[in-house]
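To keep things clear, I will list the structure first and then write my remarks on it.
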Amino acid sequence: MLIHRPRRNRRNEVIRSLVRESHLLPAHLIAPLFVIDGTAQRVAIKSMPGQFRFSIDELVKEAKELYALGVHAVALFPVIDEKLKSPDARESFNPQGLNARSIRAIKEAIPEMMVMGDVALDPYSSDGHDGLVDGESGEILNDPTLEVLAKQALCEARAGADIIGPSDMMDGRVGYLRAALDEEGFHNVLIMSYCAKYASGFYGPFREALDSAPKKGDKKSYQMDPANAKEAIREAMLDEQEGADILMVKPGLPYLDVIYRLKENFTLPIAAYNVSGEYAMVKAAAANGWIDQDKVILETLVSFRRAGADVILTYFAKEAALLLRK
Ligand code: PBG
């Protein structure tokens with residue numbers, strides 16, 4: 001006689017729902033959105049089918065749709081005109097720049113929408129790096145970069161950003177940004193730190209969308225080695241001490257173990273960034289009829305929740321919200 005029959009708990013959907021361990025809601029999702037100058041523009045991103053570069057008017061429409069579907073947070077990534085890029089990335093803190101204007105537009109149209117501003121120099125840097133580059137040695141300069149990042153974060157906070165997302169991986173930037181924000185009275189602005197961000201091949205489509213690939217070299221001197229997990233704990237400890245509100249792991253799927261480790265070791269909420277390459281792989285396989293896209297989207301997103309992620313940044317946000325509605 002069989003005593004243990006785990007299948008009993010899977011007998012039908014009601015029982016499965018009773019014993020389900022992880023849940024996925026639109027409220028857990030943040031939708032990353034790309035912005036371009038102009039009006040009435042929705043420019044398709046080739047390597048990310050279903051994703052667009054939105055002009056601000058279209059961006060606001062998209063944000064309204066997301067909000068109505070229960071996705072109440074967006075992360076903005078501006079596509080900066082090549083002419084505005086410079087070695088000092090000064091466009092990153094232009095109060096009339098595309099980034100600040102898009103934050104303001106969403107906050108004006110939907111004040112309840114949580115808007116996350118990206119903090120890193122790559123979209124604005126003629127070198128395509130997240131930090132300032134030493135012209136002679138090619139070194140990515142840590143401490144001088146912090147000053148520019150702080151200007152960028154303040155520019156975003158003044159435009160109305162609710163969350164600041166430093167994605168640059170410079171040392172000490174969480175503490176530096178926290179101090180700069182507090183000094184100007186922005187003590188209520190959150191910092192979601194990209195704390196374990198790996199030097200990954202999965203960012204390819206994003207760099208195409210923003211035209212932000214490094215002109216020379218790679219990002220390995222600041223983004224983490226994919227082989228390391230203990231180092232993620234070290235990064236997380238530092239960001240916690242420096243005052244981060246949420247710790248992020250990026251990319252997502254290849255790093256579920258890192259999400260799990262951070263969840264086990266820290267009390268701060270954990271976010272996972274399901275990045276552009278992960279999105280592109282699903283879309284490409286689905287377009288070939290090789291996988292069931294809807295199933296794979298929900299399975300992917302619930303796997304982040306199971307691993308320990310509270311928050312998920314994903315280009316599937318809208319599709320997932322529509323699927324969850326059914
Ligand atoms: C750079 C940045 C990147 C992403 C978000 N911010 C790419 C990079 O580090 O080169 C990637 C996101 C994605 O692939 O979806 N600051």
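The values are calculated or read from the model by the stated rules, or taken from the named source; none is laboratory data. What you see is a predicted model; the values in this text were computed from it and never measured. Reconstructed Cβ throughout: ideal geometry from the backbone, glycine too, with neighbour counts over all protein chains shown. Ligands, DNA and RNA are stripped out before the accessible areas are found, and what is left, the full protein with its side chains, is counted by its heavy atoms. Shrake-Rupley method; radii C 1.70, N 1.55, O 1.52, S 1.80 Å.
Things worth noting here:
- Across all Cα atoms of segment 29-169, the radius of gyration (one decimal) and Dmax (whole number) stand at 15.1, 51 Å.
- Label-to-label distance, Lys215 versus Asn188, with points set 7 angstrom from Cα along the beta-carbon direction: 4.2 nm.
- Estimated vicinal HN-Hα couplings, Hz - segment 88-95 in sequence order (Karplus 6.51, -1.76, 1.60; Gly, Pro = x): 8, 6, 5, 4, 5, 10, 6, x
- Whole-number accessible area per residue in Å² for the chain, which is evaluated in the context of all protein chains at 1.4 Å: 47
- Relative contact order of the chain, defined on C-alpha pairs under 8 angstrom at six or more residues apart (%): 18
- Taking Pro205, Pro26, Pro144 as the candidate residues, the one with maximal mean-square fluctuation in a Gaussian network model of the chain, Cα springs under 10 Å, is Pro144.
- Once the Cα-Cα distance is subtracted from the 0.36 nm per residue extended length, the Leu18 to His4 segment shows a gain of 3.2 nm.
- Based on alpha carbons, the Rg and Dmax found for segment 21-325 are 17.9, 55 Å.
- Fraction of accessible area attributable to carbon and sulfur, segment 21-325 (%, probe 1.4 Å): 53
- Note on the chain: with a GNM built from Cα contacts shorter than 10 Å, the maximum mean-square fluctuation among Lys295, Lys219, Lys197 falls on Lys295.
- FRET E, pair Asp257, Ala68, Förster distance 30 Å, beta-carbon r, rounded to 0.05: 0.25
- Bridging of Lys230 to aspartates and glutamates at a Cα separation below 14 Å is possible for Asp257, Glu264, once same-chain residues fewer than 8 apart are set aside.
- Equivalent ellipsoid, segment 1-82 (semi-axes from 5 times Cα gyration tensor eigenvalues, Å): 44, 14, 10
- The chain - share of DSSP beta bridges that are antiparallel (%, nearest 5): 15
- Sequence-distant lysines (8 or more away, or on other chains) whose Cα lies within less than 24 Å of Lys295: Lys46, Lys250, Lys283, Lys318, Lys326
- Given +1 at the Cβ of Lys and Arg, -1 at the Cβ of Asp and Glu and no other charges, the dipole of the chain around its Cα centre is 1920 debye to the nearest 20.
- The gain in end-to-end length when the Ala179 to Lys61 segment is fully stretched comes to 39.0 nm, 0.36 nm per residue minus the alpha carbon separation.
- One decimal place: the segment Met237-Asp171 gains 22.5 nm when fully extended, by the rule 0.36 nm per residue minus the C-alpha distance.
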